[in-house]
Amino acid sequence: MASIELLLIIALASGFLAYLLGRVNRVYGAIVTIVSSMFVFSSLAYFGFTDSLDTTVSILPYVTFQVTYLGMFFAVMITFIYAMVSFFNPMFIKDYKYPGAYSMLYILSMAGVIGVFFTDNFMVMFFFFEFIVWTSMFLIPLGHSRKAAVSYYAFSAVGSFALLFAIFMMREAAGSFGINAGLAAISGTNAIVVFILLIVSAFAKLGAFPLHTWLPIAHGNAPHPFSPVLSGALVKLGAFVAVMALIKITPNSYVIVALDLPLAQYLVAIFAGLSIVFGTLMAIRQDDAKKLLAYSSMSHGGYILLAFSLGSSIGLSGGFYHIVTHALATGAAFLAIAAVGRQTGTTKMSELGGVIQKMPVTYVVYLIAIISMAGIPPMGGFISKWLIFQAVIDKGLILLAAAVFFGSIGSFLYVFRPLAALFLGQEKPQFKGILKEAPVIMLIPMIVLSGMNLVTGIFPNIFLQFINKVIVELGMAPVVLGTYTIQGTNGILDPLQITIAFGIGVVIAFIIFILLKKSKQVGLMDTYTAGNFIYSEELMHYSVDFYAPIERLYEKHTTHVQDMYKSLENKVKEFGNVVKYFFFTNKPEITVFWILIIIGALLWGDLL
Amino acid sequence: MMLSMLYGVGIAFFGFVLHTSVAGINRKISGRLQKRYGPKWYQEFLDIFKLLSKRATSHGWIFDFGVIMALGGIIATAMFIPVTNNFLAFPDFDNFFIFAYLIAVGMLGMAMSASGSGNPLASIGVMRALTTMLAYDIPYMVVIVTIIKLTGTSSISGLALYQQAAGNNWFIVALPLGAIVAVLALMAGLGKKPFETYIAPAEIASGPLVEYGGKQLGMLFIMMEITHFIEVSLFVNLFLGGAENIFIFLVKYFAVYTALSLISNVYARFKIDQVVLFFYKWPLLIAIVQGFIAIYLGWVI
Amino acid sequence: MKSTKFSELSQEQVDRKWWEIGDFFRRNSLWMLMYCTGCCAIELPPAMTSAYDMERLGMGPMATPRQADILLVSGYLSLKTLRRLIYTYEQMSEPKYVVGLGSCTINGGIYHDSHAVINQLDQYVPVDVYVAGCMPNTEAVMNGFVDLMDAIKHKTANGWKKYRDNYDWYRQNQIASLGEVEVHDEFHE
């Protein structure tokens, strides 16, 4: 038996240990993050899957725990991403201004994850939720920009306040802060309000339209090793909130008979569809590889929300599996980009090219990650997208199907762009001779994640069986699984068979290739140029404005949401100026006067 | 398992031979259309074997690996194709989405290899191919969703059997609007004339293929023949009621492919943004209208 | 087993057999890269279209040197274009053939006394078939292609081997005419 409380305390303590050791030598602090996150992940996974997590609390005040399959699913997955990414920390720690603080915050935000997913009390959950937000908020400015943290915090605050109000309303209804009691007790109009509040919170955390603008800013500017954690792990907190809203609360809303779907759910699905489309369109036109992946996270967040909002067990299963596959794929892709960023000093595609010549392993990791992200077999992304397609088609949602397929085909476009512009092509002269493959310690997690991408694609049933338990816990029928097959609503899938077929195809192609005459090796500058002599790599490498023809069609409409938030920001500033003008003038007596008036007004009914 | 895999490889080989012959005959037909004698019907075979016999140039391992992955992925996809009701390797597992996404492995391999050649024209060609795919696949998928929702199965052979059952029309009749969209999408998928922006020999020097010669080009040609076989046989199975026996399949296959090449012979090429705008203007609208009237109103002929 | 008369084929004989099979395909599927520098190029459209229909011989135009088998030099070559011709020729995949159209490629034709034009193409890249005439009519062009096919059949179209074996000699001629280029960039060559 292992006590969750003990794990939490160990995690918190190791955070402070990391800080102290980080003061001595910055690398020691980073190594503590590896040890600590690996320990937390492996003990959670081991004791979790053997059903021996202990929920008794003896030291921590107010905190109570419960073990649910849902919470365990999220906790194990997120700590796995933390554990994998932590291998990058020692290599990046020298770039930070406050290395000790980085190591500490990294571990503390992971400790928060344990708290959020294993508690049965809303206030404790909210406390740890905020704990994660605050720790990660201080992690983000260690990268490029302070503004990113502000933007991240502003949107997180929207989510947090929405969550807090929802919690208070459920407290009113149930009389206690218990999660299950609160969700069960809410009904009537209150249910609708709580539903909306929770959905707002989920959208803000997951970065779905229209609360998505923080994603590219935060992901793009966060420290390289923290971006995969943000995208692969922390935004999935939103999915957790979304499950609470979409599955556990059933607000009385008008049921659309033709779709067999409540209006509330359908509206969420529509917004999820818009996230998919807008995320895809914005990802296509990014120049920074990290921002591109950030927008792809927005699009994939849309998939997850859409799958949950459909309310069928196959949709739920697809949503949960998409959380896993997307976390693995985006984690691997971000890590590969981070490795490139470390070796070259930039992640802008227009400044890079031909990285594959010196970093082939990183390239293969990225390739496997994007195959999964684009939903192509034999990787995990295909299985989860297949399940989501099944759910969408089962409901006959034509417009959403168009959005889903747009996101799916569009992902071919945006994931290919870094592949072509950053990895392939001619090596830029400024990197010649100095570029090296990433160090072994960085290759380990990348290779493990690639392996996981493959395993999720070939043997998905290992994961889907556990997801079935989660689904049953949520009160739905499990998905029918064979030894290797998955039974959908309109078809059956055998991932192993597809993989074997692909393997046979590749073997045949390889035999054809190897039997034929050997090719003459030429350099990448010796290409067809209509007879012209070109010697500079920049002229030969096509990386700027990659999708110019399609970008041209919508480039005028890309800033509407940003403009909206900008004007909102101006309004807030104006309001702040008004407040300042009236209350905080250079005459203190006026301020005191107003404060007295307000206190008087507040206490009017009670005391005065 | 192993036996059906071999069976599948047989289907892929059958597809290669079939499509290469049909494409050769179609070259002859377009020759006749232009008052020429036209090449031999087996000219495509000669071209491919000639390419395989030449000594090629290679631009590094990713260039070769991409070609192998492309051909391998496409062979794997073709293995799942149901040719007739009985001539298929994996009876229950010929899910539509396998074709839609496994074919993308081949495409990705080719795109990767082309970009790996370091030629900007190849990257432009890949960009155009992906953009075209984004244009034509959405309307097509919407039509397919309609069909799957109506029949309750996504197995290609299941859909063919559904159309052969008494009382059911072929979907080209049952869903006439959807069939128009499917034909347009098929033309774009096959790279037929108004939509072949990504090959464009006079403009971007045959796009993705610009750096290939010798065996790599030969393997890509084989890959393309099999890709076309997959796309046309999917259309035959989805909209023309599949085939009870091999003879009917050959007739339908030849009719579809020849009709499309005849249409493409009289068209000039679109610009790439015109392709995108065209597909998002009419076919997408038609496909969604078809979906609505078929699923929610139940108007199926 | 005495009845089997098959003697062991040596590796060279096997290679030759394969080569002959390859030659069958190669001569029936000739793809051209048209290097249209001079006026002879005007004879190619009738050769390709319905009047003479080159495609019935399996021939066709191709977009890039990598894909092509024949380098078709139609007419005179100035020094600037010669440099690009050699670059293009070296990019082609083997076996590759060169066809020279018109008298300009044979002896300079009407430009024989120009300072900017080379006279004998044969000095710089090996030519397999010449089509004489100023300009040759389309029948002659077609005849030239059929000659090339015969040459491939009889293994006499060996220009690409000659180029490989005598590369130094060709290189010397090229440098003698074109001169060494000191600065390698887009503007100096």
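A 1.4 Å probe, protein heavy atoms only, puts the accessible area of residue B:170 near 100 Å². Ranked by the mean number of other Cβ atoms within 10 Å of their residues, highest first, the peptides A:525-538, A:349-362 come out as A:349-362, A:525-538. The long axis of helix A:380-395 is offset from the longest Cα principal axis of chain A by roughly 60 degrees. Axis angle, to the nearest 10 degrees, between helix B:96-116 and the longest C-alpha principal axis of chain B: 20 degrees.
Given R₀ = 25 Å, FRET efficiency for residue A:492-residue B:3 by Cβ-Cβ distance, to 0.05?
E(calc), rounded to 0.05, equals 0.80.
Counting, for every residue in C:48-54, the Cβ atoms of other protein chains within 10 Å of its Cβ and taking the mean gives 3. Think of a 1.4 Å ball rolled over the protein heavy atoms: chain C then has 50 Å² of accessible area per residue. Taking the Cα centre of chain C as reference, the dipole from Cβ charges on Lys and Arg (+1) and Asp and Glu (-1) amounts to some 660 debye.
Taking trypsin sites (Lys or Arg not before Pro) in DSSP loop states with no more than 16 other Cβ atoms inside 10 Å as exposed sites, chain C has its longest site-free stretch at C:6-154. The residue among C:29, A:572, A:154 whose Cα reaches farthest toward the positive pole of the charge dipole of the protein assembly as shown, with charges on the beta-carbon of Lys, Arg, Asp and Glu, is C:29.
Indicate the gyration tensor shape class of region A:481-562 (rounded, prolate or oblate), computed on the Cα atoms with a ≥ b ≥ c the square roots of the eigenvalues: a/c under 1.5 is rounded; otherwise a/b larger than b/c is prolate and the rest oblate. Here region A:481-562 falls in the oblate category. Positive-end ranking of A:66, A:27, A:49 along the dipole of region A:1-120, with charges on Cβ about the Cα centre, is headed by A:27. Note on residue C:155: aspartates and glutamates with a C-alpha under 20 Å away, same-chain residues under 8 apart excluded, are B:47, C:12, C:15, C:20, C:23, C:69, C:94, C:122, C:128, C:147, C:165. The mean count of C-beta atoms from other chains within 10 Å of the C-beta of residues in B:198-210, rounded to a whole number, is 3.
Distance between the modelled labels on residue A:544 and residue A:13, one decimal in nanometres: 5.7 nm (7 Å Cα→Cβ projection). Roughly how big is the B-C contact, given as buried accessible area in Å² (both sides, 1.4 Å probe, nearest 100)? Chain pair B/C: roughly 2200 Å² of buried accessible area. For region A:527-546, list residues with backbone N below 16 Å from a point placed 7 Å from the Cα of residue C:87 toward its Cβ? What the label zone holds, given the 16 Å backbone N cut-off, is A:527-541.
Just to confirm, what accessible area per residue do you get for region B:253-301 at 1.4 Å probe, in whole Å²?
Counting only protein heavy atoms, the per-residue value for region B:253-301 is 54 Å².
The angle separating the long axis of helix A:440-458 from the principal Cα axis of greatest extent in chain A is about 90 degrees.
Once both labels are positioned 7 Å from their Cα atoms along Cα-to-Cβ, the gap between residue A:59 and residue C:8 label points is 8.1 nm.
The protein assembly as shown gives an Rg/Rh value of 1.03, both radii derived from C-alpha positions and Rh following Kirkwood.
The alpha-carbon positions of region C:28-172 define a convex hull whose volume is 95 Å³ per residue. Phi-derived couplings, Karplus 6.51 cos²θ - 1.76 cosθ + 1.60 at θ = phi - 60°, listed residue by residue for region C:154-168: 8, 6, 9, 8, 10, x, 5, 6, 4, 5, 5, 6, 9, 4, 4 Hz, with x used for Gly and Pro.
Kirkwood's formula applied to the C-alpha pairs of chain B gives a hydrodynamic radius of 19.7 angstrom. With R₀ fixed at 41 Å, the C-beta to C-beta distance from residue A:560 to residue B:34 puts the FRET efficiency at about 0.25. Per residue, the Cα convex hull of region B:72-140 amounts to 88 Å³.
Sorted by mean Cβ packing within 10 Å, highest first, what order do the peptides B:278-291, A:273-286 take? Numbers along the way, then the final one.
On the way: B:278-291: 19.9, A:273-286: 23.9.
So the peptides B:278-291, A:273-286, ranked by packing, come out A:273-286, B:278-291.
Taking amide H as placed 1.01 Å from N in the peptide plane, residue A:256 has its amide H under 5 Å from the amide H of A:261, A:263, each at least 5 places away in sequence or on another chain. Other residues within the sphere of radius under 13 Å centred on the Cβ of residue A:282, judged by their own Cβ, net out at -1 (K and R +1, D and E -1).
With protein chains left intact and a 1.4 Å probe, residues in region A:14-160 average 38 Å² of accessible area per residue.
Taking all protein chains in place and a 1.4 Å probe, what share, in percent, of the accessible surface of the protein assembly as shown do carbon and sulfur account for?
Of all accessible area on the protein assembly as shown, carbon and sulfur atoms account for 66 percent.
Packing here is the average count of other Cβ atoms within 10 Å per residue, and on that basis the peptides B:64-70, A:302-308, B:7-13, highest first, run A:302-308, B:64-70, B:7-13.
Dipole orientation for region B:119-274: of the candidates B:210, B:226, B:195, B:195 has the Cα lying most toward the positive pole (charges on Cβ; Lys, Arg +1; Asp, Glu -1). Cross-link pairs exceeding 29 Å in C-alpha to C-alpha distance, out of B:192/C:161; A:97/A:436; A:248/A:556, comprise B:192/C:161; A:248/A:556. In this Cβ point-charge picture (+1 for Lys and Arg, -1 for Asp and Glu), region A:1-120 has a dipole of about 600 debye about its Cα centre.
Mean per-residue shielding of peptide B:86-98 is 4, counting Cβ atoms of other chains within 10 Å of each Cβ. Per-residue 3J(HN,Hα) values for region A:547-563, derived from phi via the Karplus relation 6.51 cos²θ - 1.76 cosθ + 1.60 with θ = phi - 60°, read 9, 3, x, 7, 4, 3, 6, 10, 5, 6, 10, 8, 10, 4, 5, 4, 4 Hz in sequence order (x marks Gly and Pro).
Multiply the residue separation of residue C:112 and residue C:154 by 0.36 nm, subtract the distance between their alpha-carbon atoms, and state the gained length in nm to one decimal.
Between residue C:112 and residue C:154, full extension yields an extra 11.8 nm.
Accessible area buried by the pairing of B and A, both sides summed with a 1.4 Å probe, works out to roughly 6900 Å².
With a Förster radius of 56 Å applied to the beta-carbon distance between residue A:267 and residue A:536, the computed FRET efficiency rounds to 0.55. Shape analysis of region C:132-173 places it in the oblate category; the axes a ≥ b ≥ c from the Cα gyration tensor give an a/c of at least 1.5, with a/b not above b/c. Does region C:94-189 classify as rounded, prolate or oblate by the C-alpha gyration tensor (a ≥ b ≥ c root eigenvalues; a/c under 1.5 gives rounded; else a/b over b/c gives prolate, otherwise oblate)? Cα axes put region C:94-189 in the oblate bin. Put simply, the amide H of residue B:38, placed in the peptide plane, has neighbours under 5 Å in C:56, leaving out anything fewer than 5 places away on its chain. Comparing the full protein assembly with the isolated chain, the residues of region B:116-132 losing at least 50 square angstrom of accessible surface (1.4 Å probe) are B:118, B:120, B:127, B:130.
Kirkwood hydrodynamic radius of region A:1-118, from the reciprocal of the average inverse Cα-Cα distance over all distinct pairs: 14.2 Å.
Placing +1 on the Cβ of every Lys and Arg and -1 on the Cβ of every Asp and Glu, with no other charges, gives the protein assembly as shown a dipole of roughly 280 debye about its Cα centre. Between residue B:165 and residue B:251, the contour length at 0.36 nm per residue exceeds the Cα-Cα span by 29.0 nm.
The values are calculated or read from the model by the stated rules, or taken from the named source; none is laboratory data. Please read these numbers as outputs of a predicted model, since none were measured by experiment. All Cβ positions, even for glycine, are placed from backbone atoms using ideal geometry, and neighbour counts span all protein chains on display. SASA here: full protein model, heavy atoms, side chains in, ligands and nucleic acids out. Shrake-Rupley method; radii C 1.70, N 1.55, O 1.52, S 1.80 Å.
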